[in-house]
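The values are calculated or read from the model by the stated rules, or taken from the named source; none is laboratory data. The structure displayed is predicted, hence computed values, not measured ones. For neighbour counting, all protein chains shown are included, and Cβ atoms are generated from backbone atoms with ideal geometry for every residue, glycine included.
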Amino acid sequence: MAVCLGVLSLVFSCNIVLAEDDKPLLIPNKKNLYQRILSLPSAKLYPHEKLSHRDSINLRPFSIGYVYDRVKDRNGVEWLQIGFDRNGNRVGWIKTEKTLEWNQGLTLTFRKPINHDRVLLFDKKDSIKTLVENYDLPRYEKLYDAALKDEKIKDSPVIAIQPATGINIRKNFYLLPIHGYEDLYLNGSPAKLLKVSSVPFNDSMDVDKRIINTVPKNTYSAGIAFTIDSTLSMQPYINRTRRAVRKIFDRLQRDEFLGHINFGLVAFRDNPSVSPGIKYLTRRFVTLKDGADGATFMRGVKNLRAARRTTKGFFEDSYAGVQQTLDGMDWSPHEARYIILITDAGARDGDDPLSGTGLDAVELNKLALEKNVAIFVLHLLTPVKHANHEYAAKQYRQLSYYPKIGSLYYGVPAGSLREFGAVVDGLAEQIAVQIQQAGSFRKSPADSVKTVKNQRFMKLRNKVEKLGYALRLQYLQETYDEAAPDAFNAWLLDKDFRNPETKTLDVCVLLTRDQLSDLHGVLNQVLDTAEQGLISPQNFIDELKSIAATTARDPEQLGMTTATTTGTSNSLADMGFLREYIEDLPYTGEVMNLALDDWQSWSSERQIRFLQGLEEKVSYYRALHDHTDLWISLDGGSIDGNAVYPIPLDMLP
């Protein structure tokens, strides 16, 4: 008998069992939340109750199904009858042991183990709970050291440790779904014990730990893209940047290292609709590919001339320049990726009508980090009347933030061309030295990077040193493909044991591109309705809570749980289901805890900031959806609506 598969959802076009009011099984003690599962990569689906092995079908890894029935066969093995929607479309049977409970969509990702310990995974809750409640640091250190050395300790409760070099989830996809939790205190600081399942997409590999101290010869490269303000006042700085890059090309040629550092160049101005004489918003002058050749880069810089007319006000669209640099360059050949933003003006925020991106610094920073691009900002504090340097510095510190390292921002006092030149020379030279060291197994002479007296620049150089090390670790992980531990259940702590204030995990919601598109549409529609005054404050808050709770619980239902999209009396709040969606979630965002009293107690300024934040998230969803290189195809095919990405919880409504 032939079995027919749909292209998008793996839905059968035959042998579907339909029944009137046929619904999946409810989660215990819930009235409107249904049991869902996530299929493991090796799972097979059997369309017949007879469970004939010759009719089995390989499921797409991590397929999400609703549970319609649970039965045990003659050998006591439990099977689940599932469907891919909640409308009675039962498609077949799957062994329970080949699934994970997926009653809420929260999952974890390991943070890179920089400045904190790697995460230990324990076999039993009591083992880690006793350790935490007693804050038994000597016992923890003994267990941790043994895990690092892969030594066996009698009766050790530790069953795994986070990989040393981190895991790039786009290249080695894994899930750490949360199945249970308990709040407690770790040496006086709030923390959570989490029950998780560790599920890698591919089988784990045996990795020789000695590789973490080496780098293959001549394989490590960098892409450095300058994003330069080309408005009226900037020509001297454009010329000085050209000199800095020429020095680096001369060094690379001298050391026979050409081809390992590519330079790109993007210029930005402002919205031409209000200042027609400035000609363009952004323009790419040199791609990273073309910028492998010094002569090509120099020609591109020579063609870049500052505008002859002034822009409107003292804000320019530097965010549009950064976005063009992120999107318009091929970063994939490069392990180390840097943008150096040079400007003397503040940026147009996402809520500015003249903004070309609709993004603020935080959203743009996240897009850069998702592409593994670090952003440096050289901010020229020129003595201009009505300058907005203080506000701009705040923007650029957020834009240039890099996890565990801090802001890669440098303000040039009075816009000093001399100091700017020294900083851009030193920054480019230090990056070049790091690439040469990483790619050739040799140490550079002690004087390879000149000592400077400028203490602020020394602080930036220290951050560059840490950043280079972090990028090298990331490169090693990708090169040797260190995998997540094999699939198993475990308990872990969400804070660093030695430093209880430090988080070791990020909380995410796994969404498909189609679901993110739905989220974008629903949130945008709710915001439009609110701006038109067609919804009361209480209903507005309920709508936001419904969106957030549905995204965390069952994103397939986005658009079906809000009154704005389904009509009155059909939302979670109207039907009295909002509380059950939110309760039992181990982590909730700001919206889920928002009450009408809170909203009414806020100043109008804070309410406006809150709304602007939601609008910026809408812009972030659109930008993330369009960055196809960030999405993961679980079936190995092209990036389509079924591709997935773990969206950080703090970027959800």
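Specify the residue that is surrounded by the fewest Cβ atoms within 10 Å (Cβ to Cβ); the eligible residues are those in region 187-227 that are among the aromatic types (Phe, Trp, Tyr) and at pLDDT 65 or above. Let's see the steps before the verdict.
Residues of region 187-227 among the aromatic types (Phe, Trp, Tyr): 201, 220, 226.
Going one step further and asking which of them are at pLDDT 65 or above, we end up with 220, 226.
Values: Tyr220: 23, Phe226: 31.
My answer is Tyr220.
So if I check each of Leu634, Leu614, which one is modelled with pLDDT under 85 and either outside any helix (DSSP H, G or I) or among the hydrophobic types (A, V, I, L, M, F, W, C) (or both)?
On the way: Leu614 fails: modelled with pLDDT under 85.
From the options Leu634, Leu614, the qualifying one is Leu634.
Screening Phe285, Phe297 for residues that are outside any helix (DSSP H, G or I), hydrophobic (A, V, I, L, M, F, W, C) and crowded, with 17+ Cβ neighbours inside 10 Å leaves exactly one candidate, Phe285. Of all residues in region 335-373, those satisfying the criterion of being of a type in the set (Gly, Ala, Ser), touching a residue at least 60 places away in the same chain (Cβ under 8 Å) and buried (at least 24 other Cβ atoms within 10 Å of the Cβ) are Ala336, Ala345.
Which members of region 397-411 meet the condition of being at pLDDT below 95 and either in a helix (DSSP H, G or I) or among the hydrophobic types (A, V, I, L, M, F, W, C) (or both)? Arg397, Gln398, Ile405, Leu408, listed by residue number. In this entry, Gly277 passes the filter for residues that are in the same structural domain as Asn388 (by TED's automatic domain parsing) and assigned to a helix (DSSP H, G or I).
Would you mind stating whether Phe263 is aromatic (Phe, Trp, Tyr) and under 33 Å from the mean Cα position of the chain (by Cα)?
yes
Residue by residue through region 627-653, note down the ones that are under 13 Å from the mean Cα position of the chain (by Cα) and among the hydroxyl-bearing types (Ser, Thr, Tyr). The answer is Tyr645, and nothing else. So, in region 593-621, exactly how many residues are surrounded by 15 or more Cβ atoms within 10 Å (Cβ to Cβ) and among the polar types (S, T, N, Q)? Total meeting the criteria: 1.
What tally of residues in region 554-592 results from selecting those that are exposed (fewer than 13 other Cβ atoms within 10 Å of the Cβ) and closer than 30 Å to Lys192 by Cα? Counting residues in region 554-592 that are exposed (fewer than 13 other Cβ atoms within 10 Å of the Cβ) and closer than 30 Å to Lys192 by Cα gives 3.
So which pairs qualify, if the first residue must be in region 389-414 and assigned by TED's automatic domain parsing to the domain that holds Glu363, the second must be assigned to a helix (DSSP H, G or I) and β-branched (Val, Ile, Thr), the Cβ gap must be under 7 Å, and the two must be at least 6 apart or on different chains? Every condition considered, the pairs that remain are Gln398/Val362; Tyr410/Val423; Val412/Val423. For region 483-496, the criterion of being among the charged types (D, E, K, R) and buried (at least 23 other Cβ atoms within 10 Å of the Cβ) is met by no residue.
Each residue in region 591-605 was checked for being more than 26 Å from Thr551 (Cα to Cα) and in a helix (DSSP H, G or I), and 3 pass. Within region 82-116, the only residue that satisfies the criterion of being closer than 17 Å to Val507 by Cβ, hydroxyl-bearing (Ser, Thr, Tyr) and buried (at least 20 other Cβ atoms within 10 Å of the Cβ) is Thr107.
Against the list (1) closer than 18 Å to Val377 by Cβ; (2) at pLDDT 90 or above, the condition Phe314 fails is (2).
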